[in-house]
1. Within segment 231-266, track down each residue that is without any contact (Cβ under 8 Å) to a residue 40 or more places away in the chain and either buried (at least 21 other Cβ atoms within 10 Å of the Cβ) or of a type in the set (F, W, Y) (or both).
2. Tell me, which residue of segment 159-191 that is basic (K, R) and out of contact with any helix residue (DSSP H, G or I) (no Cβ under 8 Å at 6 or more places or on another chain) is farthest from T74 (Cα to Cα)?
3. May I ask you to list the residues in segment 58-83 that are surrounded by fewer than 18 Cβ atoms within 10 Å (Cβ to Cβ) and either more than 27 Å from L118 (Cα to Cα) or over 19 Å from the mean Cα position of the chain (by Cα) (or both)?
4. What tally of residues in segment 5-41 results from selecting those that are more than 17 Å from the chain's Cα centre (by Cα) and not polar (S, T, N, Q)?
5. Would you kindly identify the strands (runs of 3 or more DSSP E) lying entirely within segment 196-266 that contain at least 3 residues that are in contact with a Pro (Cβ under 9 Å, 6 or more places away or on another chain)?
6. Please work out which residue is surrounded by the most Cβ atoms within 10 Å (Cβ to Cβ), limiting yourself to segment 9-38 and to residues that are near the ligand (Cβ under 7 Å from one of its atoms) and free of Cβ contacts under 8 Å to residues at least 60 places away in the same chain.
7. Go through segment 100-123 and give me each residue that's within 15 Å of the ligand (Cβ to nearest atom), touching a Lys or Arg at 6+ places or on another chain (Cβ under 9 Å) and not in a strand (DSSP E or B).
8. Would you say Q104 is over 20 Å from A253 (Cβ atoms) and among the polar types (S, T, N, Q)?
Amino acid sequence: MRIGLLGIGGRMGQALLKAVLECPEAVLSGGVARPGSPDVGRALMALDGTPLDFRISDDASALFAQSDVVIDFTTPKASLTHARLAATHKTPLVVGSTGFNPDQQAAMDQETAHIALLQAANFSLGVNLLHALVRQAAQALGPEFDIEILEMHHRHKADAPSGTALALGEAAASGRGIDLASHSDRVRDGITGPRTEGHIGFATLRGGDVAGEHAVLFAGTGERITLSHQAFDRMIFARGAVKAALWLVGKKAGQYDMMDVLGLKA
Ligand code: NAD
């Protein structure tokens, strides 16, 4: 299966390159960096450090034309441009970029209406299992348990709360049967007064090289349950995204997520 990589110069792009090269069912079809990036023209290296036949390109359209599936970990703005190209070439697309605002997500949904799209805020097995556990706990515990979601990422992360924290919030909200957007506290500062009953709270930490840590707290009176996940290496996301890409090829047009790949769909 020919897999193309968008955002190959980035932290995830480099992890994805390694994941594709180490996967026996995958063949690298090329890597694209941001137009104007110093990475454009650089030779791609094999796992043993020898140069591959590829140079990093800035031609995303050509990458779609020569790939069975493309993986995109860039930015929401770039991913929207790539979604348009995926639709033109009818190439299945895996999107890992996070931080889409509602308008960008609506545009993404529209652009990809006629292709197979797999979008996930987190491609790790552990976090996707955590979604299912959080939904179950939120349903079982009831509103007397306050739900708080805590996340920490490396100092370079651009969006907050993380896409994974928001997806865990969605899982908790669906367990509770509430709408997250109208029942969440994303920022607390100053004299906030008591906690709003039934709301899901978010707290964001940034620093160092943390690949991703998430904890969902269910705080009751006299007891507290914490469900948490720590990513020690971004290869877990890269391997998950390659697995998702292989799974997506041949699927009919539609929107899929990692829960479909892992068979964890509720
Ligand atoms: P990064 O900044 O290291 O890499 C992003 C890369 O995309 C950069 O090299 C940038 O130059 C490139 N880029 C920007 N516009 C482009 C364009 N038009 N064409 C090609 N390349 C372009 O960031 P990162 O840590 O690799 O993360 C990338 C995205 O993936 C972020 O949104 C992050 O939150 C997300 N992420 C998702 C998961 C997941 O499991 N879904 C895991 C980790 C990170």
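Bear in mind these aren't lab numbers, they're just calculated from the coordinates by the rules spelled out. These numbers were taken from a predicted model, which means no experiment stands behind them. Cβ coordinates were reconstructed from backbone atoms using ideal geometry, including for glycine residues, and neighbour counts include every protein chain displayed.
1. Once the filter is applied, which keeps residues that are without any contact (Cβ under 8 Å) to a residue 40 or more places away in the chain and either buried (at least 21 other Cβ atoms within 10 Å of the Cβ) or of a type in the set (F, W, Y) (or both), segment 231-266 yields only F232.
2. Only one residue tops the list, namely R188.
3. Answer for segment 58-83, where residues must be surrounded by fewer than 18 Cβ atoms within 10 Å (Cβ to Cβ) and either more than 27 Å from L118 (Cα to Cα) or over 19 Å from the mean Cα position of the chain (by Cα) (or both): D58, D59, S61, A62, A65, Q66.
4. Qualifying residue count, segment 5-41: 22.
5. The qualifying strands (runs of 3 or more DSSP E) are 200-206.
6. Within segment 9-38, the subset near the ligand (Cβ under 7 Å from one of its atoms) is 9-13, 32-35, 37.
After this cut, where a residue has to be free of Cβ contacts under 8 Å to residues at least 60 places away in the same chain as well, the list is 9, 32-35, 37.
Working: G9: 18, V32: 29, A33: 23, R34: 18, P35: 11, S37: 16.
Applying the filter and picking the extreme gives V32.
7. The answer is Q104, E111, F123.
8. Values: over 20 Å from A253 (Cβ atoms): yes; among the polar types (S, T, N, Q): yes.
Yes: the conditions hold for Q104.
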